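What follows is calculated from the coordinates using simple rules that are stated; it is not laboratory data. Predicted, not measured: the structure shown is a model, and the values here were computed from it. Because the Cβ atoms are built from the backbone with ideal geometry, glycine has one as well, and the counts that use them run over all protein chains shown.
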Amino acid sequence: MEQLSFLEKEIPKSLYVRKVERILYEYPALKASQENEKELEKAGLGNLFPSLISSYEDSIRGTDISNTTEKFGIKRAEKALKIMQIERALNALNHEEKRLVKEKYFNPAFPSDIRVYTSLNLGSTAYYKLKDQTIRKVATALNII
């Protein structure tokens, strides 16, 4: 039983709450960005933006990637992976936790906690307990804690 004692230690909220909240607030924009890229590709306009146009001047700078097209490809793959991981974390949440995330973090109006717990028909104590539980679950699913 002593071997599992590290699992029981409480991790300070300050280590993960802000990071998880930032990720959740950014998710709708990341998802929209990915959908826009897919639409541009479908329309044959994959290189519509100047910063994405191929550069035929490759230069070697240590281990840094200097080819613009390569950088774009890597950035795009990283974005797709990040979206997939966030979606997997969200799928680990129960119905109430998902409602909280949608109301609090995916709402472009950035509502206050009071407004959110009122719209969810929760009291403040129940809301903050649910919010803490949700943030902790997402942090665990994303390997932040």
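Some notes on this structure:
- For the listed residue pairs 102/131; 19/102; 38/71; 82/102; 13/129; 42/82, the alpha carbons are over 20 angstrom apart in 42/82.
- Restricting the stretch 69-145 to chymotrypsin sites (Phe, Trp or Tyr not before Pro) in coil, as DSSP defines it, with at most 14 other Cβ within 10 Å: 106
- Spin-label model distance (nm) - residue 19 vs residue 103, 7 Å beyond Cα toward Cβ: 2.8
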